[in-house]
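To keep things clear, I will list the structure first and then write my remarks on it.
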Amino acid sequence: MARKLRVQYPGAVYHVLNRGDRRKPIFQADADRALFLDTLAQACAKTRWQVHAYCLMPNHFHLVLETPQANLVAGMKWLLGVYTARFNRRHQLSGHLFSGRYKALIVDGSGNGYLKTVCDYVHLNPVRAKLIAARQRLTAFRWSSYPGYLLTPRQRPPWLRVDRLLGEHAIPRDSAAGRRQFAAAMEARRPGEPAPEFQAVRRGWCLGDKAFRQELLAQMQSGPGPGNYGAERFESDEARALDLLGVELKRRRWTERDLHTRRKGDQDKVAIAERLRRETTMTLQWLAQRLAMGSGSHVANLLAVRRRAKR
């Protein structure tokens, strides 16, 4: 049976969950969790994702993320593939790390409280899993975005966006007083776990009101025609890569012809490839073909040499 298309559109909000293959751990140590967050940060730089909440459990992870561009599929393919490769390399393993297809619940992010529901669900996950003792505060669990919400803006990673969740908690400002109010509200929720409104997060395919659900169903039933996915194509990661390439060519006063007349290992071309690799999800093969740099493996070697030279 063919897999259903992911619903993607600019500004979409998702609750993404994926488990380890056969429910095995996807993190063997805190160093693996730090590695995952580093990889997530790189994915956000490539895709412009904004993360509203995350939680790293022993054998699965939760992400609540917003996609300013319609690029959930490309971003998740990169994130899961790169983390798996890094995890396997670190532990001298091979093969699959994650089980099957990740779950992506579409969330109504229009400010009606659904973002609050799903983010609270993620932040309280360690309580439900009994990873925090009753006498401990929620901050005792290090590997979620909840402790980050209680830090100052300068102390947080740039890809963690807190303003929308604070707003749905009726907290007007990301101030010391606002952060204390948020902490008090979350601690007060702990005795009520599991909350009945979380059922839709666990079992549904979308989280929103009737109108939101009907809009999604209409989009899915109308099929992947030009009218439905034109915005997605326009905002695709390839379009972003081509825009960045145009900027780099203009900065160097190059034309497209220069890409083909200069040698494959030209250092300016390597610098362009490095930026595109860092800020988009384009493959090495795409870079090699678009920049006239030979094969994908040749581009990988050139980028590795450039990284070593910077150390």
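The values are calculated or read from the model by the stated rules, or taken from the named source; none is laboratory data. Note that the structure is predicted; figures quoted are calculated from it, not measured. Heads up, the Cβs are rebuilt from the backbone with ideal geometry, glycines too, and the neighbour counts pull from every protein chain shown.
So, in the range 272-298, exactly how many residues are more than 17 Å from V82 (Cα to Cα), part of a helix (DSSP H, G or I) and either free of Cβ contacts under 8 Å to residues at least 12 places away in the same chain or touching a strand residue (DSSP E or B) at 6+ places or on another chain (Cβ under 9 Å) (or both)?
The number of residues fulfilling the criteria is 2.
Does T117 meet the test of being on the phi < 0 side of the Ramachandran plot, over 13 Å from the mean Cα position of the chain (by Cα) and polar (S, T, N, Q)?
So T117 passes the test.
Taking N71 as the residue in question, decide whether it is touching an Asp or Glu at 6+ places or on another chain (Cβ under 7 Å), closer than 29 Å to H169 by Cα and crowded, with 19+ Cβ neighbours inside 10 Å.
yes
Rundown of residues vs (1) without any contact (Cβ under 8 Å) to a residue 24 or more places away in the chain; (2) surrounded by fewer than 12 Cβ atoms within 10 Å (Cβ to Cβ); (3) of a type in the set (A, V, I, L, M); (4) touching a Phe, Trp or Tyr at 6+ places or on another chain (Cβ under 7 Å), yes/no style:
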site	(1), (2), (3), (4)
R156	yes, no, no, no
L160	no, no, yes, no
L166	yes, no, yes, yes
I171	yes, no, yes, yes
D174	yes, no, no, no
A177	yes, yes, yes, no
R189	no, no, no, no
R203	yes, yes, no, no
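Kindly indicate whether R6 is outside the structural domain of G148 (by TED's automatic domain parsing) and touching a residue at least 24 places away in the same chain (Cβ under 8 Å).
So R6 passes the test.
Of everything in the range 26-47, what is outside any helix (DSSP H, G or I) and either in contact with a strand residue (DSSP E or B) (Cβ under 6 Å, 6 or more places away or on another chain) or loosely packed, with under 14 Cβ neighbours inside 10 Å (or both)? Give them in sequence order.
I26, A29
Yes or no: V13 buried (at least 22 other Cβ atoms within 10 Å of the Cβ) and either more than 23 Å from L150 (Cα to Cα) or in contact with a strand residue (DSSP E or B) (Cβ under 7 Å, 6 or more places away or on another chain) (or both)?
Yes: the conditions hold for V13.
Name the helices (runs of 4 or more DSSP H) wholly within the range 153-207 that hold at least 2 residues that are under 24 Å from the mean Cα position of the chain (by Cα) and of a type in the set (D, E, K, R)?
So the answer is 163-168, 199-203.
Hey, among A185, A273, which residue is in the same structural domain as N301 (by TED's automatic domain parsing), modelled with pLDDT of 90 or more and small (G, A, S)?
From the options A185, A273, the qualifying one is A273.
If I filter the range 232-264 down to residues being under 19 Å from the mean Cα position of the chain (by Cα) and crowded, with 17+ Cβ neighbours inside 10 Å, which single residue comes out as modelled with the highest pLDDT?
Applying the filter and picking the extreme gives A241.
Please verify whether Y121 is at pLDDT 95 or above and farther than 30 Å from D209 by Cβ, treating the condition exactly as stated.
Against the criterion (at pLDDT 95 or above and farther than 30 Å from D209 by Cβ), Y121 does not qualify.
How many of the residues making up the range 137-148 are assigned to a loop (DSSP other than H, G, I, E, B) and within 13 Å of P191 (Cα to Cα)?
Within the range 137-148, residues that are assigned to a loop (DSSP other than H, G, I, E, B) and within 13 Å of P191 (Cα to Cα) number 1.
For the range 169-199, how many residues are in contact with a Gly (Cβ under 6 Å, 6 or more places away or on another chain) and not hydrophobic (A, V, I, L, M, F, W, C)?
Of the residues in the range 169-199, 0 are in contact with a Gly (Cβ under 6 Å, 6 or more places away or on another chain) and not hydrophobic (A, V, I, L, M, F, W, C).
In the set L63, L56, which member is under 10 Å from the mean Cα position of the chain (by Cα) and within 28 Å of R277 (Cβ to Cβ)?
None of the other options fit; the residue is L63.
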